[in-house]
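Here the structure is laid out as structure tokens; the discussion comes afterwards.
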Amino acid sequence: MSSKVDFWQKSKWQSKYLGIAQTIADDVTDCYSRKVGCVIVSDDNTIVSLGYNGPFRGCPAPDEYDYLRSLFIRLSDEDQHMLFNASKTLLDYMYTYCHFKYDSPEDIGNMNIREMTAKRLRGCQQCPRKLLDIPSGERRDICPCACAERNALNNANRFGGKTLGAVCFCTLSPCSECAISLIQAGIRAVIYLGNDDSHPNSASMSFFDLAGVEVIISEANSV
């Protein structure tokens, strides 16, 4: 590896850019599963792009009424029934512990199951995949959010930032799909925080190794 990559191994720069990534992650409001931040830095030590996990531009948050209505019609009958039951369970909880008022019989009578489910779940601050008991990373078609690394790369592309030879700093180990995107974008090294919530993705590590991308796991207490 060149001295440029060795340069990124210095704790001073790891602390600086991982600190920025963590600050970005802390501000995530539209993803209710995780908070992830990413910073892409060029080989001349200049920030190229920033990204966090969240919905695509112009998309409502996953717990907003308009998104829930659009999601409902894309689900199977089984998933629709499960989401409706989740909305009923949430409403029961709100009524019991938060003195939330039930839908009036008149409102219910004028609503179909799609509208009723979306109304009950709006503002719940829960990911639809979690409500449907879908494991993390599966059924991505249900969630409008993209990973922080993917969004950082898209932002770089949108505004003409150069990613060839750049270094990616992120708060979690990239997933396998993001690993491929980072490799294809010319990222030469990936540095992420080694904390309790960040376990190396075996497929990602294998892909990075095959592509010759250096991976550095930084200690959390250095940020």
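Scanning region 130-145 for residues that are of a type in the set (A, V, I, L, M), touching a Lys or Arg at 6+ places or on another chain (Cβ under 9 Å) and open to solvent by 20 Å² or more (accessible area, probe 1.4 Å) yields a count of 0.
Taken over region 174-196, the criterion of being part of a loop (DSSP other than H, G, I, E, B) and open to solvent by less than 40 Å² (accessible area, probe 1.4 Å) is satisfied by P174, C175, A185, G186, I187.
Which one is modelled with the highest pLDDT among residues in region 83-110 that are open to solvent by 30 Å² or more (accessible area, probe 1.4 Å) and of a type in the set (D, E)? Here the answer is D92. Put simply, of D30, D66 the only residue that is of a type outside the set (K, R) and over 21 Å from I134 (Cα atoms) is D66. Look at (1) in contact (Cβ under 8 Å) with a residue 40 or more places away in the chain; (2) more than 19 Å from K35 (Cβ to Cβ) and you find that C143 fails only one, number (2).
Table: residues versus (1) open to solvent by 70 Å² or more (accessible area, probe 1.4 Å); (2) over 26 Å from Y67 (Cα atoms); (3) modelled with pLDDT under 90.
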| position | (1), (2), (3) |
| --- | --- |
| N112 | yes, no, yes |
| T117 | no, no, yes |
| Q126 | no, no, yes |
| E149 | no, no, no |
| F159 | yes, yes, no |
| F169 | no, yes, no |
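The values are calculated or read from the model by the stated rules, or taken from the named source; none is laboratory data. These numbers were taken from a predicted model, which means no experiment stands behind them. Cβ: placed from backbone, ideal geometry, glycine included. Neighbour counts: every protein chain shown. The accessibility values were calculated without ligands, DNA or RNA, using every heavy atom of the protein model including side chains. Shrake-Rupley method; radii C 1.70, N 1.55, O 1.52, S 1.80 Å.
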